[in-house]
Structures are given as structure tokens and as C-alpha cells.
Amino acid sequence: MIAIRFYRIYDIEQEIHLDLLEQALARNYFTARASFLRVSPKSIMMENPPLLISMHPVTVECEGIFFEFNAIVKIYDIGAISLCFVYQDNAIPSSALEETAFILAGQECISDLFQAYLKNLSEILYPYIASHSIDPGFYEDYTIYVTDTIDTTIDSAVLLNSERVSLSSHMREEIEKNTLSYTCDDRVTFSWDAALLCNPETPTDMIELIEFANVQVLELRYYDRLLTKQMAKMYDDIEQADKLPSFRRARQYHAIMAYLMELFADISEITDKINNLIKVTEDIYYARVYAMVLKVVRISQWSDSVDRKIEVIYKNYSMLSDEVRIQHSNFLEWIVIILIAMELFFAIWQNFR
């Protein structure tokens, strides 16, 4: 048995009330909530499981061979949509995985599938969310290869590197070091954009963990990009404010500060939700798997980048706050000077009456 799962995960620029969306879509579509099957509910905790929607399967032709794909959509409350095309053949041996993977790899037909189904999905969701805000060019993609046995004929390093080249020993080591096993009969190897899962039983929970990790990466990438744009806007706004007269400058500073504090609070809240999308607690093996996936997909790079930009925004907020206080202090000092001058003037005037 072999299976290949092609993922693209998109952001929809808003949080979603999944309960209401599920009630609305259940009238016309098969919907369910994603769950982990082989572990206890306490081992992996999800505050709000994503909504799963089954869409119609599709058959495509690649190099004269017809492949049938099942289409699965998952909608996450933090504002992400995962679109997955699954090819599975229970009749062919695991040794056929590598050849099948390279037939499908980089095929334009796969890209066309994502674009067509994303457009269809946007039409389905349009009455319920602002699906027109989905950017089809901004996504996180990942591929999961699955076999029901550990097959030594499969070159995992070449497969996960997606290139038929003679890899150096260093590159092989970099890819194959991210390998874990729970029993003698299973193995999982991760790379930054693909994973190979060898398991006599369908590794549904492992697949879910990998998808969750990629959703987190996509959302952090999205907010990193958003913060970059907001920082550019912040510097432009401050530059424009600096050109204003002092009394108008203070008002503009207050407006910028209010916006920055709102942005700071919103981003901090959503990044906290992203980082705590799921919690792997009691299952030691899955905790190791999840930690390794997060490391391999470089989530720390995006998390650190978001944290740095939030810190810059907060520092600019503090600097503006100090500037406003200084201007306010200077204003009060001038008021005091004027009052003293007026008191002296009236005192002198009273003496000359």
C-alpha cells in the first residue's frame, strides 16, 4: 500500500466561529470535527478542533497514468484553511512509492487542482466568511508519503529531497537524522517540506500532528508579513507626524499610539493561540514527533521574527509615549511661566495704581 498526501494551507485573514460554520455547512456537505484516534483525549489536547469538509474526488492524468484523488478540507478557528489531495493505492507494493512520487512531483495538474478547488471552496464559504480575502499565492505546502511497511528499496533522502540526484553524505545525514521509530515495524522521517511515514497501520494521528505544525508555520508567516507592512506604515505615520506643528503632532502621536497598542494586543493574542493550537502532554512519543516536526519546519525562525517585530512596535510605542509626556511637560511648564508672568504683571500693575 502507498499513499501520497499533497497539502496547501492558506490564510483567510480572520478568525472563524467554527460551530456556526459547521451548522450552516452541514445542510449540504458532510462535515465533522478532526480528532486523534489512537491516543487518549488527555494526551493531545485541542481547544477547538478544526472543521473537516469532504469534497468530491477527482481524477487527473499525469504521464499517461490516471490518478484518483480524494479532496479533504480543514478549517481552523485561527483563520487557516488546509486543502489536501490524497492519492492512495492499496494494491501496489511500497516499492512503487518512489516512482509514483516522481511522476506526480512538480506536475502542473496538481497545482491546477489546488487553484480549482480553492475557487470552489471560496464560493462555498462566501456567505459565511470573507473568503474573497484568501490569497492563492500565499500558502504553506507539504507532502506526506505513506507506506505500510519499511521498504529498504525506498531512498528516503532522495524522496524527501524531491530530486533524482546523487546526494552527498552530508545531505543524506541532514535529512535522515530527523527519523523516529516507536516499534521495530514503523519509522517516520521528516524534511522541511515532506515526510515519509512507514507504518503497518494508517498513521492518522501522526498525519494530524504534521498538519497542525504546518498550520502554525503558515499563520506565523502570515503575521510576520503583516507586521512587516504595519511597521513600514508606522514609520511613515511617525515621519508625517513629525512634520506637523507641535500641538497637532501630539494629537497625531496619540492616534498612532492607540493604533499600535491595539495592533500589539491583537497580534499577541493571536500568536498565543497559534503557539497553543494543540498541546501534546502525556504521550511521550508523539511529544517527540511534534517537537521534531516543529524544529524541521523551522517554526522557531518565524516565531522569533514575529516576537522581534512585536518588540520593535512596543519600543516605538514607548518612545512615542515618552515624547508625548515630554511635550505635555513642556506645555505645563509654559503654562506655569505664563501664570507667574501674569501674577507679576498684576502685582506691578496694582503697585502703580
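Quick notes on this structure:
- Answer from Glu173, Glu123 - the residue that is farther than 30 Å from Ile270 by Cα and out of contact with any strand residue (DSSP E or B) (no Cβ under 8 Å at 6 or more places or on another chain): Glu173
- Hits in segment 64-112 - residues which are assigned to a helix (DSSP H, G or I) and either touching a residue at least 60 places away in the same chain (Cβ under 8 Å) or in contact with an Asp or Glu (Cβ under 9 Å, 6 or more places away or on another chain) (or both): Ser94, Ser95, Ala96, Leu97, Glu98, Thr100, Ala101, Phe102, Ile103, Leu104, Cys109, Ile110
- Failed criterion for Leu320 (all others in (1) at pLDDT below 75; (2) surrounded by fewer than 12 Cβ atoms within 10 Å (Cβ to Cβ); (3) assigned to a helix (DSSP H, G or I) hold): (2)
- Any chance Gln301 is modelled with pLDDT of 80 or more, among the polar types (S, T, N, Q), within 22 Å of Ile144 (Cβ to Cβ) and not assigned by TED's automatic domain parsing to the domain that holds Pro50: yes
- Test: Met171 is aliphatic (A, V, I, L, M), in a helix (DSSP H, G or I) and either closer than 17 Å to Ile154 by Cα or at pLDDT 95 or above (or both): yes
- Hits in segment 39-91 - residues which are of a type in the set (Gly, Ala, Ser) and touching a helix residue (DSSP H, G or I) at 6+ places or on another chain (Cβ under 9 Å): Ser43, Ala71, Gly79, Ala80, Ser82
- Any hit, segment 273-290, residues being assigned to a helix (DSSP H, G or I), within 30 Å of Thr179 (Cβ to Cβ) and touching a Phe, Trp or Tyr at 6+ places or on another chain (Cβ under 7 Å): yes
- So Ala241, is it of a type outside the set (Lys, Arg), outside the structural domain of Ser94 (by TED's automatic domain parsing) and at pLDDT 80 or above: no
- Filter result (among the hydrophobic types (A, V, I, L, M, F, W, C), touching a helix residue (DSSP H, G or I) at 6+ places or on another chain (Cβ under 9 Å) and either surrounded by fewer than 23 Cβ atoms within 10 Å (Cβ to Cβ) or in a helix (DSSP H, G or I) (or both)) within segment 195-217: Leu197, Cys198, Met206, Leu209, Ile210, Phe212, Ala213, Val215, Val217
- Number of positions in segment 207-234 that are assigned by TED's automatic domain parsing to the domain that holds Ala265, over 16 Å from the mean Cα position of the chain (by Cα) and touching a residue at least 60 places away in the same chain (Cβ under 8 Å): 3
The values are calculated or read from the model by the stated rules, or taken from the named source; none is laboratory data. This structure is a prediction, so every number in the text was calculated from the model and none was measured. Note that we place each Cβ from the backbone using ideal geometry, even for glycine, and neighbour counts take in every protein chain shown.
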